[in-house]
Every structure is written in C-alpha cells, then in structure tokens.
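Okay, so here's the structure we're looking at.
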Amino acid sequence: MARALLLRITRYPLLPATSAPRPAPRLAPQLLARHAPTPLRSLSSSASISSDGPSAGRKREEVKDSNVSKEIADYLGMSDDELMEQCEMGTFKASGPGGQHRNKRESAVRLRHRPTGIIAQAVEDRSQHMNRASALARLRTLIALKVTLSDSHLFNHVISNYISVRRSINLEEYTPPVELLQILPLKSTVRGKGVGPQIGPKNPKFSPGMQALLDLLYAVEGSVSDAAKILGLSTGALSRLILSDDSLRTAANELRASKGLKPLR
Amino acid sequence: MGPLSSPSSAAAESKIKAKQPWRCSPSRPAPSPHPSSSVRTAARTACASPPSPSPPPPSPRSRRRCPATTPPPRGTQTRTRPPLFLRPATHPVPASALAAFRRRAAALVPASAPHLHRHLRWLLADASTTSDSDPALFRAPLDHIESLWLGHVRARRPFQYVVGNEHWRDLVVAVKEGVLIPRPETEAVVDMVKGVEGFGGGWWADLGTGSGAIAVAVARELGDGGKVFATDVSDVAVEIARFNVERYGVQDKVEIRQGSWFEPLQDVKGKLMGVISNPPYIPTEDLPGLQPEVGWHEPKLALDGGRDGLEHLLHLCEGLSSALKSGGFFVFERDLTSNICASIWQTNGNKQSEFLVDLISSKWSSSFRDVKAVLDFADIKRFVTGYHR
C-alpha cells in the first residue's frame, strides 16, 4: 500500500496546499515541464514519431491556433479550486443511500473536466481527499498533454500509452509466460506442476508477472472474464488476484477505464 | 496541509508529532472552565446511551437493541489508551510469524468480500512501523492484532474502530466506539463553509461534533479571529473531539462544549457567522436494517433521527434564527433518499426530497434566504444550506 502510493506520488506530484501561494505560470511549456513526469514526455515524443501525420506540421498548426492553446494553458494556470469548479466529480459506485447509512472505506474519485471532456481518476488511497488530489494532479498532466497534442486521435493514442506501455499479444498463439504463471493461484488449470509455489505481491518477482498479466488484459480489451478463461481461472479468482496488489489494481483499472469499463472493486 | 502527502497514517502521524506532539492521556487537560461545560443534559430520548468503549463488541446475536435499562457509567473514561495506530511500536514480530498470520487472516476473508484483503493490508500498515525490518515492530502483540482482525471479519466491527482512525479529507481522525465514524460525504461541508464571505474571521458552531472532524478541518482553514464552537452531548465524543483538536494543534481555534445542540451556546447567541451540523438523520424505523458495521457498532445517539429522521433537524432549524447573526450561513447534512416525510408530504411524493428546503423557506421564510438542497459527490441531495436574513 505504502509502496504503491509512494510510486504514485513520484509519478504524479501531489498538489501544493491550496492555502500556499501557487505560482501561476501561463506558459504551457513551463507547465509541461512542471507537471509531466519524464517517462511521459518520452512517450509523447515516441507517439509523435509513430503517428502517420507529420508531427512537425501539427505543432505549427497548433501554434497558429493560439485560441485553443491559450484556453488550455489557462486551465493549467487555474488554482485547484478553480479547476475543480469545472469538474464533475463522481464516484464509481453510488449505490444506496450513503451517508450515515453506510460504512464504506473505499473512496475512488473520478473527475470529468467539463470544458475538455478529459477524465481523470484515482482509486489508490483510502482517503477520498487524497484520491481527489491525485485525480486533479493527473488531470493537469492530461490537460498539459493536450496542449502539445491538440489532435484528439493522437491524444487518445498517447493517453492509452500513458496508462501503460503494453506489449502486443497475438491471442491465437498465446501461452502465458512463466513469470505470469508464477503469480497465478494454484488452482489455475494452465499452471502446470513445474511452476512452483505462488508468488505474492511482496516478492520482487511479482512485478514481471504483473506486467505480463496487464499485457494480456490489454489484449482482451480489459475483460477480466476473457483473461480468466485464457488463464484457466474463474473470473472471481482473477479479480481477487488483481485486487490483491494496489499497483496492479490501479493499473488494471486505468486500463479498463480507457476501454470504458467499470473499475474492479 | 500536514499529512496530505504522507503515504500512511503512521507517516502522517510522525509528521504531526514533529509539529505538535500529541498529548497522551495521564495529564489530560481539564475541561475548559467555561460555565456551560457543566451542562450535561441528555436531552435526547430514544436509545440515548452510547455503547461503552472498553469491552469488545458483543456478538450480534446476543446484543439487544437499545439497552435503555443499563446505561454505561458516565464520566468514567478519565484515561484511555491511545488508538492502535498511535501506540508505540514495541512488539517484535518475526517475519515467519507474520507470514503465518497473514495466511490465517487472509483465509478468513470470504470470496464475497474481497475488500477485506485491502483492510488487512491497512491494518498491518497501521499496526506496525513501515520499515521492512525483521523482526517487524508492532504496536500490539500479534495475538491481539489477530483478535482485532477476527472482530472485524466475524463481528463486523468497523475497520475504523479496529485501527482507531478514519482518513477524512487530509486528516487522520482518531475514532473509537461511541463516536460516529466521519463519512466521506461530509467532507464537502468544509468546502461549502470555506466559500462563505467573511469565513476566515467568523465564529462557527459545529453542533454534534462527534469525533470533531468537521471542527478541526474548519479550524485549520480559519484566519485571525476565527473560531469554532464544537458541541456534543456525549462524553465519549467530547473526549475524542478534544483528542483530535489537540492532535492537530487547533486548541486556540476550537472550543469544545458539552451539551445538546444549541444549549451550551447561550452566550454566543446571535453572534455566529455559521452553523454546521451532521445530526442523526436515519429514521428510527430504518435502524434495524442498517449494515452491521453501522447498526451493531456505531452509536444510536449519532444515527437515530427519530420519526422520519427529522426530529433533530427540525430542532436545529428552530434554533437557527436566534443563533445566527444577520447574514449568517448554515449547512446541515441530512438524508432525503429514504421515504421520510411520506406521511407529512403525501400529496406530492416526488417532492419529498425538497421537504426540508420547502419547509425552511416557507415556514421560516421571513428568517432565511437562498435555501437550497446541495448534492453530494454521488448526486444525492445530501445537504441543505441557506443564509439568515
């Protein structure tokens, strides 16, 4: 938990306290440098190269279209409160009356920025306040990205990459790699005897297995039941595996959100 | 914003400590010598006795609802242990024992409740120091942690009572049996009052403060001259609220007064910039159907809203106009999703949710303006706000 969160904080720097005076630079490039973490920037450049359109041309267009850029840069210059004003905040599960009726510790936050339609979410912390701050920080990053990539197709492409870089899988010839088999529960029917005991989230070897699982999940468009079939597990058993580790759960849910699916809880 | 960027409550705690050492109980400061602190009227009627904080919760089957005949002794909690997450980590637990505990604990989690795996991780995080040392250092013996876990999984004791805290806004609020666990919906109240003109220097009242979460969060936003009067009728609430106020070092901004609703505030009548309250609002008839974590363990005193859930809300509305100064603001949390008011408002069922708004703006129309229902984050009409004329 703490580990996952620390990771999150380094990737998405938390917002400064609202009471502290916030420098409000108006220039998009500065903001990009402030808000976009390094791996992101390298991602966005690789996306530009791989896109079919001439990216340099696009950049020029964008400079000409100063209205759009300026408007977006203004979003980034806003204080947290101002930006929040422009967002609809939803939780993933609004079932039942809530309030005094319920004891519910999980407090996922989903922000939809009305002017741009960008959605940012956070589920990793037990405090809703913290999740809101993470989601808002993430929203800033996504808006900053949109400044450099005003083409929405390219933007979406980068977003899906941003969520994580996934190796592509040919499902017809797919056999789960051994690092993935090792993190599966013993009851998996594809696991085989030679794989050894199940590796848990605390083990450093969990991470490669987790990456392989996310690759598979990406290939099946986020469907846990499809992935479960391939891995010889029940949907419930695979869900539990995903939920057992915070960083895996977060990544899986971001991936699912990018496919328009509800988060696992 | 102390603990906002801290990864766990333990780290959050160490940050607070660095700024403001929390005072452990032996020399708990005497209650403020304000005359009204002696007011101890248990003005409420139904099921008004909070459960005793010390013994573990009885099994749900043996628990009788509303043990009105045997109220727990009042004023006996002079000294209590700090909540689990704040105790010193002095119990070494070897890695092998911890691993075995993890296995046993995880085996208790039913497939229908995968969220309990998360609770288990959080319990271990709160109950130990965060380092990866072997032996790990725990804040209680492992067999005690195990019994706490059993209590959570089997007796449905709320996780927040087990670890002794709830993460609420940027705070880690101490809680224990006898005070309502602050709800995420209520966080929005602080943002609402922050937006009121003249907020920072005003006098505010948090009526039925419970853990003191609202009072502390508001106090941390106030400027010079700003102040919160936090009232509660319950002994446990007063004790825990005081603890949280001191833990966050806002004693100079929060004055805790024991008593029912407006009762302890006679001397500030007509001087309040705003009144905030999250009163009990669950209709009495709905209490038996509550989630076990709530219905079996949280204090009825903080949940039971009487007939239609409106008893205390109406009482608060009655007292508002004399408490607030001219132009003063109020926000109440309430519940209008259940079929409350059905009997009162039968002619126009789909307007039930507007009942309180309509009532305040019609019955007390000469006293209030801009009365409206405000949605919570799940789009449920959760709050009613307005201004004194």
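A Förster radius of 22 Å, combined with the Cβ-Cβ distance separating B:Asp379 from A:Met78, puts the computed FRET efficiency at roughly 0.35. Pairs spanning more than 28 Å between alpha-carbon atoms, out of B:Lys176/B:Lys269; A:Lys104/B:Lys363; B:Lys325/B:Lys381; A:Lys104/B:Lys325; B:Lys269/B:Lys372; A:Lys104/A:Lys202: B:Lys176/B:Lys269; A:Lys104/B:Lys363; A:Lys104/B:Lys325. Other protein chain C-beta atoms within 10 Å of residue C-beta, averaged over A:127-137: 5. If R0 equals 56 Å, the separation of the Cβ atoms of B:Arg81 and A:Arg112 corresponds to a calculated FRET efficiency of about 0.80. Label-to-label distance for A:Tyr174 and B:His115 is 3.0 nm, based on points extended 7 Å past Cα in the beta-carbon direction. Quote the FRET efficiency, to the nearest 0.05, computed for A:Asn203 versus B:Glu285 with a Förster distance R0 of 60 Å and r equal to the Cβ-Cβ distance. Approximately 0.70, to the nearest 0.05. Spacing of the modelled spin labels on B:Glu221 and B:Arg103, each 7 Å from Cα toward Cβ, amounts to 5.0 nm. Counting, for every residue in B:286-292, the Cβ atoms of other protein chains within 10 Å of its Cβ and taking the mean gives 2.
Return the whole-Å distance between the Cα centroid of the stretch A:208-254 and the Cα centroid of the stretch B:139-201. After rounding, the separation between the Cα centres reads 31 Å.
Among B:Tyr161, A:Tyr75, B:Tyr387, A:Tyr174, the ranking by other beta carbons within 10 Å of each residue's beta carbon, starting with the fewest, stands as A:Tyr174, B:Tyr387, A:Tyr75, B:Tyr161. A protection proxy built from the mean count of other Cβ atoms within 10 Å ranks the segments B:203-211, B:182-190, B:363-371, most packed first, as B:203-211, B:182-190, B:363-371.
Work out the P(r) tail for the stretch B:178-388: percent of alpha carbon pairs separated by more than 23 Å, whole number. Every Cα pair in the stretch B:178-388 considered, those over 23 Å come to 42 percent. Kirkwood hydrodynamic radius computed over the stretch B:127-196 comes to 14.3 Å, based on all pairs of distinct alpha carbons.
Neighbouring Cβ atoms within 10 Å as the yardstick, rank A:Asp74, B:Asp170 fewest first. Spell out each step's value before the answer.
Working: A:Asp74 14, B:Asp170 20.
Ordered by Cβ neighbours within 10 Å, fewest first: A:Asp74, B:Asp170.
Other chains near B:272-285: what is the mean number of their Cβ atoms within 10 Å of each residue's Cβ?
1
Any read-out appearing in this document is the output of simple, stated calculations on the displayed coordinates, not a laboratory observation. If you're wondering where the values come from, they're calculated on a predicted model, not measured in any experiment. No Cβ is skipped: glycine too gets one built from the backbone with ideal geometry, and neighbour counts run over all protein chains shown.
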